[in-house]
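A short write-up of the structure that comes next.
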Amino acid sequence: MIDALTIRAPAASDEDEAALERFVMTEAQFQEFYTATARPLKLYLSRLTGSQTLADDLVQESYYRFLRAELPALDAAQRKNYLFRIGTNLSRDHFRQSKFQGLPLEDRAGARNIASEVEAASDVRSVLNEIPHRERELVWLAYVEGASHREIAEVTGLKEASVRPLLFRARQKLAALIRAKGGK
Amino acid sequence: MEAMEHYCEHEQEVARAVRTGFWSPELREHAERCEACTESMLVASWLMETEQQAEVTVPEAGLVWWKAERRMRRERVERALRPVLIAERVSAAAVLAALTVSAVWLAAATPSLTSALAGGVAVLAISAGSALYVAHSWK
């Protein structure tokens, strides 16, 4: 379970210090993991943030944090969930920070973009930006990544029982937006 | 008034069917008459369509790995230098405290006002010089 995972604590001895200098996997293992996860992660983060550039930075940071984390034995799906959890948290941090600093949010800027307005009916960003960040996480994970409610709970940090009603509301809003924009 | 929440136990199956393209006749029939599943089908189809159309470029795995290694090395150096920086700050604080005590002592022990002023100026100059040196070395 992801909840059981812990990020490595600060080193207390020379031995711990040496352990800190290693990544969680070898370069060959990383290549395989990266090939399987990079595209979905980048797409997920670019949909959450509304910015490709920001998504690039968050992807790099997510992999770095993943590589430096202390992980128990995980299967491929759990590793992917853990990576997505890191990305989700980074995206939320960025969202909160932008709001706190009163800076224009990347995704709001995206929504105001003229080109986006012209292509409003078909532009994913302009539709997704109309629902809150957390709802974007839920619908993307459920309908694109095919995550179960348990996996969504692991990635988003929500309780499994809360996923269903929240996902329902997110889906309802998104469906209304798609219909309003003439999606179907 | 808020609409009543309507769930269906087949929603996830419907979403999976949209993703994989594999529909059993029963599921298809159910999805067409179930409000929740129809909505799931709409959202899933729209998201999948946008996902498939998206042009996503990601850097090579080797580049991401190289950047991670470089950052790990940089952090290692920063960690190694941290005790040195702390020692520098502690030394600077000790020097300033000693100089302050010396200035007080000098002013009290010297009867001549001129000598006291000269001593004070000298101590201040040394303090300022030390502070500047330490501030520069921190950069």
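The values are calculated or read from the model by the stated rules, or taken from the named source; none is laboratory data. Given the structure is predicted, the values throughout are model-derived calculations rather than measurements. Cβ sites come from the backbone with ideal geometry, for glycine too, and all protein chains shown count toward neighbours.
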Criterion first (closer than 17 Å to A:Thr37 by Cα and either out of contact with any helix residue (DSSP H, G or I) (no Cβ under 8 Å at 6 or more places or on another chain) or more than 8 Å from chain B (Cβ to nearest Cβ) (or both)) does A:Val155 satisfy it? yes
The correct count of residues that are over 20 Å from A:Ile86 (Cβ atoms) and in contact (Cβ under 8 Å) with a residue 60 or more places away in the chain in the stretch A:153-184 is 3
Given B:Val14, B:Val43, B:Val84, which one is more than 26 Å from A:Glu61 (Cα to Cα) and within 9 Å of chain A (Cβ to nearest Cβ)? B:Val43
Residue in the stretch B:80-87 that is assigned to a helix (DSSP H, G or I), in contact (Cβ under 8 Å) with a residue 40 or more places away in the chain and not hydroxyl-bearing (Ser, Thr, Tyr) present: yes
Output for the stretch A:158-179, where each listed residue is within 10 Å of chain B (Cβ to nearest Cβ) and either among the small types (Gly, Ala, Ser) or crowded, with 21+ Cβ neighbours inside 10 Å (or both): A:Leu167, A:Ala170, A:Arg171, A:Leu174, A:Ala175, A:Ala176
Can you find even one residue in the stretch A:138-156 that is at pLDDT below 95, under 13 Å from the mean Cα position of the chain (by Cα) and in a loop (DSSP other than H, G, I, E, B)? yes
Among the candidates A:Leu48, A:Leu103, single out the residue that is modelled with pLDDT under 95 and within 14 Å of chain B (Cβ to nearest Cβ). A:Leu48
